[in-house]
1. Based on the Kirkwood radius over alpha-carbon pairs, what value in µm²/s does the Stokes-Einstein equation return for the translational diffusion coefficient of the range 170-305 at 10 °C and 1.306 mPa s?
2. Mind checking the alpha-carbon convex hull of the range 278-364 and giving the volume per residue in Å³?
3. To the nearest 20 Debye, how big is the dipole of the chain about its Cα centre, given +1 on the beta carbon of each Lys and Arg and -1 on that of each Asp and Glu?
4. Report the label-to-label distance for residue 283 and residue 296 in nanometres (one decimal), using points 7 Å from each Cα along the Cα→Cβ vector.
5. Kindly rank 204-214, 313-323, 244-254, 25-35 from highest to lowest mean number of other beta carbons found within 10 Å of each residue.
6. For the range 25-69, with every protein chain kept in place, what is the accessible area per residue (1.4 Å probe, Å²)?
7. Leaving out ligands, DNA and RNA, what percent of the accessible area of the range 82-197 is carbon and sulfur, probe 1.4 Å?
8. So for the range 229-316, considering every pair of alpha-carbon atoms, how many percent are separated by more than 21 Å?
Amino acid sequence: AEKQGFRHFMLKEIHEQPRVISDTLTGRVRMEEADVDLDGLQLPVDTIARITILACGTSWHAGLAGKYMIEQLARIPVEVDLASEFRYRDPILGPGDLVVAVSQSGETLDTMEAIREAKKKGAQVLAISNVVESSIPRLADHAFYTHAGPEIGVASTKAFTTQLVAMTLFAIYLGRRTGTLARERARELLAELAQLPGKMRDVVESGAQLQVLARRYGHASGFLFLGRGAQYPIALEGALKLKEISYIHAEGYAAGEMKHGPIALIDEHLPVVVLAPRGPHYEKVVSNLAEVRARQGKVLAVATKGDADIGGHADDVILVPDSALELQPILTVLPLQLLSYYVADFKGTDIDQPRNLAKSVTVE
Ligand code: M6R
């Protein structure tokens, strides 16, 4: 009954995304002022010289996507570090630093210890979590929440897309206060955010196509995921999802790095998922795609509806609705979640409880 007719929690949670994105936006958008209210968050934005985002796993991927958004909209330099690395490298931090800790559960030990280290060095800490009153928001100086609801599947899906929305709202919050985000642009972005749930619904309902592709490519022993700009963290996330639940080796790469190594992997047995939505990187990504095909690699392109050319460069095309550049990752990750789900289902793995993994990692 809890799965509400879905075969797995993961599939149910994929389908819940349009609703939980609405929930994460509810009460936060101030269209009149072209601003956002993040649970009353009051940061001394003019004192922030640098932001360091700390997280693990999927939350770290959301942090990487956040870097693109914050630097673009608020022009504040952002570093993103794995919490488990940060805490052991004697990081250089001071009062001008804002640390943003991202954690779905709010209980990940590495992220907690990284916060303790940052606070010891005098940085302010903001937590973005999905669990109210969990340990990480309690340790931090400030907090606001994603509203994904309980996530049961070990492979994170709805928590990730709500983190991407939280990052977008935070970038708008900062940009409006640094003065780098004009009122009109902020309004446009907020209006686009309001349209996201409907667009996401279109994509999550396209499961049948992903099921066919999962059967076509699910025998492969490895996958490559490529993306540029804010699609690079989505390539990493696509690879992580596939590894976690289907046990197929997968690598996510920045598309421009392909020629520096992974191109040696390409042959007719390697499916390459290329994130190629409309935008400033499109031409470059299409040329990466041609390099894969010239080496007999099989290309699955994720592109924007209305792209009439991409079909000529790919073996299979998955289309997502058009949106503002900043919001595209929230749409392009959805087919990757579905692809992993259906590959794992096809292989018959334990999708909600994959081997060796825990939902919340509270040990070192
Ligand atoms: O609860 P957190 O967001 O702190 O968890 C971080 C990672 O353990 C988590 O994202 C993990 O990578 C997931 N299994 C990804 O699907």
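1. Translational D for this selection: 95 µm²/s.
2. Output value, Cα hull per residue: 170 Å³.
3. Using Cβ point charges on Lys, Arg, Asp and Glu, the chain gives about 200 debye.
4. About 3.2 nm separates the two model spin labels.
5. On the way: 204-214: 16.5, 313-323: 19.5, 244-254: 21.1, 25-35: 14.6.
Descending packing order for the listed peptides: 244-254, 313-323, 204-214, 25-35.
6. Roughly 41 Å² per residue, with all protein chains present.
7. Carbon plus sulfur share of accessible area: 52 percent.
8. Tail of P(r) above 21 Å: 25 percent of Cα pairs.
The values are calculated or read from the model by the stated rules, or taken from the named source; none is laboratory data. Owing to the predicted nature of the structure, the values given are computational and were not obtained by experimental measurement. All Cβ positions, glycine included, derive from the backbone under ideal geometry; neighbour counts span all protein chains shown. Keep in mind that these areas ignore ligands, DNA and RNA; they rest on the heavy atoms of the full protein, side chains included. Shrake-Rupley method; radii C 1.70, N 1.55, O 1.52, S 1.80 Å.
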